[in-house]
Amino acid sequence: MPELPEVETTRRALERRLDGVAIRHVAQHRADLRVPLPAALPRRLAGRRIAALRRRAKYILADLDDAHSLILHLGMSGRLVFDGPGLGAHEHLTFSFADGTTLRLHDPRRFGLVDLQPTAALAAHPWFRHLGLEPLDPGFDGTALAGALAGKTAALKVALMDQRVVVGVGNIYASEALHRAKLSPRRRAGWLKPAQAERLARALRAVLAEAIDAGGSSLRDYVQASGELGNFQRHFRVYDRAGEPCVCGRAEVRRIVQVGRATFYCPGCQR
């Protein structure tokens, strides 16, 4: 599933090309993805200008000039790709813009989501009201992270993937950030000392920022909006490297399973 860097990379690509551009036409090729598409979506979007492109957690928000926002979630296998040839049976929406740009929503597994809601009401909407801290916000630090984790007895890696605690962090970046912070994925989340929480907050921000700069990680379905692959998978320290020597030189990377998800860590340097 695309995590925060992949979604943010896509958002930035959309912003570069579509900020201020009007939607000329939308072709809808099916009635639903994970949930039904909004009624009369092509008619409601035609002629609307994109006033801003934002991200909240793993959602891309296109604020329109009629005080509504188009909500896009890529799910497990979704991608937004500019121009080029059609993407076949799994292209579910095709957006044509006034400047000649075409944007295609492709989602083979159909776990993505498209919605249209009043912009002013988004924070209270069920898609958003439960969401936790944004790790790229200026106020995200050890104190904020420790507060979000306080009292939680779940394993630290499991808690980091809880979107009610920190948004956008999934399997890849939780494993990578914990390795950089030298913290075991098994330790109890609510037991971090202030210095450890600060170290982890800095590691999360650094890993996510580096992944965004690299265009995200391409392992299965994800590609950038240009159609190019992301490159951060070339810089993994532990993720998907079980059995390989850790950079610390003291142990090999191990793979364990936590709540049904693979975790990669080094028992030599993560405590």
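The values are calculated or read from the model by the stated rules, or taken from the named source; none is laboratory data. Since the model is a prediction, treat every value here as computed from it, not as a measurement. With ideal geometry, Cβ positions are generated from the backbone for all residues, glycine too; neighbour counts draw on all protein chains shown.
One line per residue, one yes/no per condition, for (1) aromatic (F, W, Y); (2) not assigned by TED's automatic domain parsing to the domain that holds S184:
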{"position": "L103", "(1), (2)": "no, yes"}
{"position": "F111", "(1), (2)": "yes, yes"}
{"position": "P118", "(1), (2)": "no, yes"}
{"position": "L131", "(1), (2)": "no, yes"}
{"position": "D162", "(1), (2)": "no, no"}
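Output the qualifying pairs, or none if there are none: Cβ atoms under 9 angstrom, residues six or more apart or on different chains, first residue in region 161-181 and under 19 Å from A150 (Cα atoms) and in contact (Cβ under 8 Å) with a residue 12 or more places away in the chain, second residue of a type in the set (K, R) and crowded, with 24+ Cβ neighbours inside 10 Å.
A174/K157; L178/K157
Looking at region 60-79, is at least one residue closer than 19 Å to G168 by Cα, modelled with pLDDT of 95 or more and part of a loop (DSSP other than H, G, I, E, B)?
No, region 60-79 contains no residue that is closer than 19 Å to G168 by Cα, modelled with pLDDT of 95 or more and part of a loop (DSSP other than H, G, I, E, B).
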